[in-house]
1. Checking the structure you have, find out if any residue of the stretch A:1-17 is exposed (fewer than 15 other Cβ atoms within 10 Å of the Cβ), touching a strand residue (DSSP E or B) at 6+ places or on another chain (Cβ under 8 Å) and among the hydrophobic types (A, V, I, L, M, F, W, C).
2. Among the residues in the stretch B:44-55, are any in contact with a Phe, Trp or Tyr (Cβ under 8 Å, 6 or more places away or on another chain) and among the aliphatic types (A, V, I, L, M)?
3. I'm trying to understand the selection: among the residues of the stretch B:26-54, which are part of a helix (DSSP H, G or I) and either open to solvent by 50 Å² or more (accessible area, probe 1.4 Å) or in contact (Cβ under 8 Å) with a residue 24 or more places away in the chain (or both)?
4. How many residues are among the β-branched types (Val, Ile, Thr), buried (at least 16 other Cβ atoms within 10 Å of the Cβ) and free of Cβ contacts under 8 Å to residues at least 40 places away in the same chain when one looks only at the stretch B:55-96?
5. If you go through the stretch A:8-21, how many residues are more than 13 Å from the chain's Cα centre (by Cα) and either hydroxyl-bearing (Ser, Thr, Tyr) or under 17 Å from A:Val74 (Cα atoms) (or both)?
6. Output the number of residues of the stretch B:116-134 satisfying the condition of being touching a helix residue (DSSP H, G or I) at 6+ places or on another chain (Cβ under 8 Å) and either surrounded by fewer than 15 Cβ atoms within 10 Å (Cβ to Cβ) or more than 7 Å from chain A (Cβ to nearest Cβ) (or both).
7. If we scan the stretch B:97-114, do we find a residue that is among the polar types (S, T, N, Q), modelled with pLDDT of 95 or more, over 27 Å from A:Gly46 (Cβ atoms) and surrounded by fewer than 13 Cβ atoms within 10 Å (Cβ to Cβ)?
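The values are calculated or read from the model by the stated rules, or taken from the named source; none is laboratory data. Model, not experiment: these values are computed from the prediction. Please note: Cβ atoms are built from the backbone with ideal geometry, for glycine as well, and neighbour counts cover all protein chains shown. To get the accessible areas, we keep the full protein, side chains included, count just its heavy atoms, and leave off ligands, DNA and RNA. Shrake-Rupley method; radii C 1.70, N 1.55, O 1.52, S 1.80 Å.
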Number of protein chains: 2
Amino acid sequence: MVDFEPPLIACIVSEADYSFAALRATGECVIAIPAVELAEKVGKVGNSSGRDLDKFAAFGLTPMPATRVAPPLVAECFANLECKVTDTRLVKKYDLFVLEVLTAWTDPKQKQPKTIHHHGYGTFVVDGETIKLKSKMR
Amino acid sequence: MVDFEPPLIACIVSEADYSFAALRATGECVIAIPAVELAEKVGKVGNSSGRDLDKFAAFGLTPMPATRVAPPLVAECFANLECKVTDTRLVKKYDLFVLEVLTAWTDPKQKQPKTIHHHGYGTFVVDGETIKLKSKMR
């Protein structure tokens, strides 16, 4: 998370990945955010390349048209962010892209989805309980 | 997380924060990572400014000397990362600093610490269960 208005995200995409070439060539992407129920598919998606296969077909995922970018949304994900690349100054040195979120979708059928956080080598930590602390921000 | 060798982190520090001025002036910081047991203190630390008070004294935290940077570690945190600013190209536009981790400390007494992830406005999600998926990375 970089900023709120406009909503900006910084992300690292390895130069070795097919996604890197696609992002460089088109300047667009969809960030699709899976809940824990999709964890097994997430592992398979992460361990294969779009160079070699159609991941939607191979792993039973459903593409849906986006509204502001060419790549599709992933219907099974609880959130989908349509993004364009907005800053490439740190791409060469760090593979770091700054993206602007043009449109965001959430699936109203997935209430309180639990996300998964990769610790590396296939180990993920799943969201647990939610706590509320006093905050000065309203 | 930006890279492994050398270990690099990108982080946003609001220009309005005292930390921003300190990071700009010294080019150094410690990233201290609290477990959920410290959540209440995390809220207080986040809702006050080092301009106005000594947060260590005010919130009962213990400074410990770092080895490669001037600012102190936070003894109660399960991990402390001694960092130097290594790239400032995105500071002006996004408040985004790239940091190199020079030395990392963990507290061996805190086994499997649960981290907390801020969803905004004082709401945090605590780490839940850990799952293991097949991975091609070894």
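1. Yes: the stretch A:1-17 contains one or more residues that are exposed (fewer than 15 other Cβ atoms within 10 Å of the Cβ), touching a strand residue (DSSP E or B) at 6+ places or on another chain (Cβ under 8 Å) and among the hydrophobic types (A, V, I, L, M, F, W, C).
2. Among the residues of the stretch B:44-55, at least one is in contact with a Phe, Trp or Tyr (Cβ under 8 Å, 6 or more places away or on another chain) and among the aliphatic types (A, V, I, L, M), which makes the answer yes.
3. Passing the criteria: B:Thr26, B:Val36, B:Glu37, B:Leu38, B:Ala39, B:Glu40, B:Lys41, B:Val42, B:Gly43, B:Lys44, B:Gly46.
4. So the answer is 0.
5. Here the count works out to 2.
6. Here the count works out to 2.
7. No, every residue in the stretch B:97-114 fails to be among the polar types (S, T, N, Q), modelled with pLDDT of 95 or more, over 27 Å from A:Gly46 (Cβ atoms) and surrounded by fewer than 13 Cβ atoms within 10 Å (Cβ to Cβ).
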